[in-house]
Amino acid sequence: GAGVSQSPSNKVTEKGKDVELRCDPISGHTALYWYRQSLGQGLEFLIYFQGNSAPDKSGLPSDRFSAERTGGSVSTLTIQRTQQEDSAVYLCASSLVTPLDGNEQFFGPGTRLTVL
Amino acid sequence: GENVEQHPSTLSVQEGDSAVIKCTYSDSASNYFPWYKQELGKGPQLIIDIRSNVGEKKDQRIAVTLNKTAKHFSLHITETQPEDSAVYFCAASTPGAGSYQLTFGKGTKLSVIP
């Protein structure tokens with residue numbers, strides 16, 4: 001079946017512009033995560049959506065970052081007034097959520113954002 | 001919050017040899033430990049995971065061990081092949097955090113020399 005898809009695959013923007021990144025999770029997965037991967041670094045948690053619950057925004061680095069998930073499926077991550085330090089690969093993951101703890105997360109290919 | 005340390009950052013092995021990557025975590029409540037393989041230009045792919053009620057898990061040439069007392073877990077790859085060359089990430093998940101978010105190590109770049 002189809003995996004997690006993200007678009008665009010690459011985005012080059014100028015400092016100060018806004019960008020929107022899109023994630024299509026695996027059908028039926030109720031949990032959706034955004035992570036950021038800077039060059040040579042591990043993955044940094046940004047935000048989590050689960051069903052109709054309030055999202056966990058604890059990882060967002062500043063108020064320039066926001067995300068929404070419409071209809072419990074597609075999600076968009078918005079970065080306003082982009083800065084050069086926002087340059088990174090933004091990864092989306094989705095998972096089923098079961099009563100068990102720890103759920104396998106399936107990652108998309110990522111969006112490489114370059115801020116000039 | 002949880003902190004995950006991963007070593008080494010780079011590892012080169014001869015084809016056919018074994019590779020071991022080690023991770024430590026800080027939160028004793030963490031109970032799910034996945035390992036991901038990331039090839040250039042792709043998203044991370046889960047290769048094996050272990051839960052805290054298990055000490056070891058094996059899948060063909062890949063095995064993971066967990067020592068809850070010492071709070072460390074390791075990835076073992078035997079009979080390495082060139083296609084094993086990639087960046088490997090360990091991660092830990094803590095229940096009760098509400099989001100099952102993963103805290104990742106910084107990665108190990110594995111190079112298998114033919």
Which percent of the accessible area of chain B is formed by carbon and sulfur heavy atoms (probe 1.4 angstrom)?
47
Checking the a/c ratio against 1.5 first, then a/b against b/c, what shape does the Cα gyration tensor give for the stretch A:4-56?
prolate
Counting Lys and Arg as +1 and Asp and Glu as -1, each charge on the Cβ, what is the dipole of the protein assembly as shown about the Cα centre in debye, to the nearest 20?
240
³J(HN,Hα) computed for each position of the stretch A:37-53 - Karplus, 6.51 cos²θ - 1.76 cosθ + 1.60, integer Hz, glycine/proline x:
10, 7, 3, x, 10, x, 8, 10, 5, 10, 7, 9, 10, 9, x, 9, 6
Return a whole-number percent for the relative contact order of chain A, with Cα pairs under 8 Å and 6 or more residues apart as the contact set.
37
Explain nothing, just the number: dipole magnitude of chain B about its Cα centre with +1 on each Lys and Arg Cβ and -1 on each Asp and Glu Cβ, in debye rounded to the nearest 20.
260
Which value results when the Cα radius of gyration for chain B is divided by 2.2 N^0.38 Å?
1.03
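Given +1 on the Cβ of Lys and Arg, -1 on the Cβ of Asp and Glu, and no further charges, what dipole in debye does chain A carry about its Cα centre, rounded to the nearest 20? Walk me through the intermediate numbers first.
Working: 10 positive and 12 negative charges, 59 e Å.
It comes to approximately 280 debye.
Taking every eigenvalue of the Cα gyration tensor of the stretch B:66-114, multiplying by 5 and rooting it, what semi-axes result, largest first, whole Å?
Output for the stretch B:66-114: semi-axes of 28, 14, 8 Å.
The values are calculated or read from the model by the stated rules, or taken from the named source; none is laboratory data. Since the structure is predicted, the reported quantities are computational estimates derived from the model, not experimental observations. For neighbour counting, all protein chains shown are included, and Cβ atoms are generated from backbone atoms with ideal geometry for every residue, glycine included. Keep in mind that these areas ignore ligands, DNA and RNA; they rest on the heavy atoms of the full protein, side chains included. Shrake-Rupley method; radii C 1.70, N 1.55, O 1.52, S 1.80 Å.
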